[in-house]
Amino acid sequence: MSLYYVQKLLYQLNRDPAVRKRFDTDRSALLDEYELTSEEHGAIAQGDVGLLYVMGVNGQILMHYAALLGQPWDTYINAMREGVRQHGPVRAGLYSMLKDRS
């Protein structure tokens, strides 16, 4: 998994208007410039905040990405919960979950 490149792309989307414009106009070409797995590419292309959260994307970066997608706060929080329900615990990064935690 290339969590670094996922976060780098999302950070640049949050900060660089030119990258945002390319995301809107030629998303696939932009994503192809980053070393992403097919799962990561698909999650970003489809705006799957829940899966990105499970992959370990930093919550601050992910929060701004969700806002860029037009997701209200409650939708963003629910997407993360649904991501864990569908895909299992967070795999990597700061928000990794303990397996025996209820």
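The values are calculated or read from the model by the stated rules, or taken from the named source; none is laboratory data. On a predicted model such as this, the values are computed, not experimentally measured, just so you know. No Cβ is skipped: glycine too gets one built from the backbone with ideal geometry, and neighbour counts run over all protein chains shown. Note: areas computed on protein heavy atoms with side chains; ligands, DNA, RNA excluded. Shrake-Rupley method; radii C 1.70, N 1.55, O 1.52, S 1.80 Å.
Results for (1) within 14 Å of Tyr11 (Cβ to Cβ); (2) open to solvent by 70 Å² or more (accessible area, probe 1.4 Å); (3) at pLDDT 95 or above; (4) among the β-branched types (Val, Ile, Thr), shown as yes or no for each residue.
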site	(1), (2), (3), (4)
Glu33	no, yes, no, no
Ile44	yes, no, yes, yes
Met55	no, no, no, no
Gln60	yes, yes, no, no
Leu94	no, yes, no, no
Lys99	no, yes, no, no
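Scanning region 1-52 for residues that are among the hydrophobic types (A, V, I, L, M, F, W, C) and touching a Ser or Thr at 6+ places or on another chain (Cβ under 8 Å) yields Met1, Leu36, Ala45. The number of residues in region 57-85 being of a type in the set (Phe, Trp, Tyr) and farther than 24 Å from Leu36 by Cα comes to 1. Scan region 13-26 and give yes if some residue there is open to solvent by 10 Å² or more (accessible area, probe 1.4 Å), under 14 Å from the mean Cα position of the chain (by Cα) and not aliphatic (A, V, I, L, M), otherwise no. Yes, that holds for at least one residue. Across region 62-92, the number of residues qualifying as closer than 25 Å to Ala18 by Cβ, open to solvent by 60 Å² or more (accessible area, probe 1.4 Å) and of a type in the set (Ser, Thr, Tyr) comes to 0.
Need at least 3 residues that are closer than 17 Å to Val84 by Cβ per element, so show me which helices (runs of 4 or more DSSP H) inside region 3-62 make the cut, counting only ones lying wholly within it. Explain how you work it out, then say what you get.
Details: elements: 3-15, 17-25, 27-32, 38-46, 49-55.
Once the helices (runs of 4 or more DSSP H) in region 3-62 are filtered for at least 3 residues that are closer than 17 Å to Val84 by Cβ, what remains is 49-55.
Summed over region 1-12, the residues that are surrounded by 14 or more Cβ atoms within 10 Å (Cβ to Cβ) and of a type in the set (Phe, Trp, Tyr) give a count of 2.
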